[in-house]
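Below are the structure tokens for one structure; questions will follow.
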């Protein structure tokens, strides 16, 4: 009986944990879709300014929207403006994975998808698992990432 209870509790823990991750994914996709509509409405230059303005609703805790061209050159990054204009195609994560190349491959296979990699968390400064949802829109790549740890 104790073993059965332990299995049930373990199942609730796994379901609860995966549900929280699913909520993060849904929030990232929702933000990306809202950002895509905004790009269609106002164009990329205005959208970039809005994505960097915390009062506009495109920065929500760890969630934010960035835009790269289809060669992985950063067009606008709301939390690290030093990246703007940089070619990030060869940028690699903590495991030497060229994640921007993988993001572009995802877009070649379809209009959107997820890419997993390991990156420095902006608050803890530790390397953590991260997933970024990318989508193609108006000739650019829009991305919203989540830390999964």
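Inside the stretch 43-76, can you point out the residues that are outside any helix (DSSP H, G or I) and in contact with a helix residue (DSSP H, G or I) (Cβ under 6 Å, 6 or more places away or on another chain)?
58, 63, 65, 72, 74, 76
Quick one: in the stretch 43-70, of everything that is at positive phi and at pLDDT 95 or above, which residue is surrounded by the fewest Cβ atoms within 10 Å (Cβ to Cβ)?
43
Taking the condition at pLDDT 95 or above and touching a helix residue (DSSP H, G or I) at 6+ places or on another chain (Cβ under 6 Å), does residue 83 pass?
So residue 83 does not fit the description; no.
Restricting attention to the stretch 2-22, does a residue exist that is surrounded by 12 or more Cβ atoms within 10 Å (Cβ to Cβ), out of contact with any helix residue (DSSP H, G or I) (no Cβ under 9 Å at 6 or more places or on another chain) and modelled with pLDDT of 95 or more?
The answer is no, given that none of the residues of the stretch 2-22 is surrounded by 12 or more Cβ atoms within 10 Å (Cβ to Cβ), out of contact with any helix residue (DSSP H, G or I) (no Cβ under 9 Å at 6 or more places or on another chain) and modelled with pLDDT of 95 or more.
For (1) in contact (Cβ under 8 Å) with a residue 12 or more places away in the chain; (2) part of a strand (DSSP E or B); (3) touching a strand residue (DSSP E or B) at 6+ places or on another chain (Cβ under 7 Å); (4) on the phi > 0 side of the Ramachandran plot, each residue gets a yes or a no:
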position: 41; (1), (2), (3), (4): no, no, no, no
position: 78; (1), (2), (3), (4): yes, no, yes, no
position: 100; (1), (2), (3), (4): yes, no, no, no
position: 115; (1), (2), (3), (4): yes, yes, yes, no
position: 125; (1), (2), (3), (4): no, no, no, yes
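Related question: Within the stretch 136-149, track down each residue that is more than 10 Å from the chain's Cα centre (by Cα) and part of a strand (DSSP E or B).
Once the filter is applied, which keeps residues that are more than 10 Å from the chain's Cα centre (by Cα) and part of a strand (DSSP E or B), the stretch 136-149 yields 136, 137, 140, 141.
Further, regarding this structure: So which residues in the stretch 90-111 are over 15 Å from the mean Cα position of the chain (by Cα) and surrounded by 15 or more Cβ atoms within 10 Å (Cβ to Cβ), if there are any at all?
Residues satisfying the conditions are 91, 97, 98.
The values are calculated or read from the model by the stated rules, or taken from the named source; none is laboratory data. Here the structure is a predicted model, which means the values were calculated and not measured. Cβ atoms come from the backbone with ideal geometry, glycine included; neighbour counts cover every protein chain shown.
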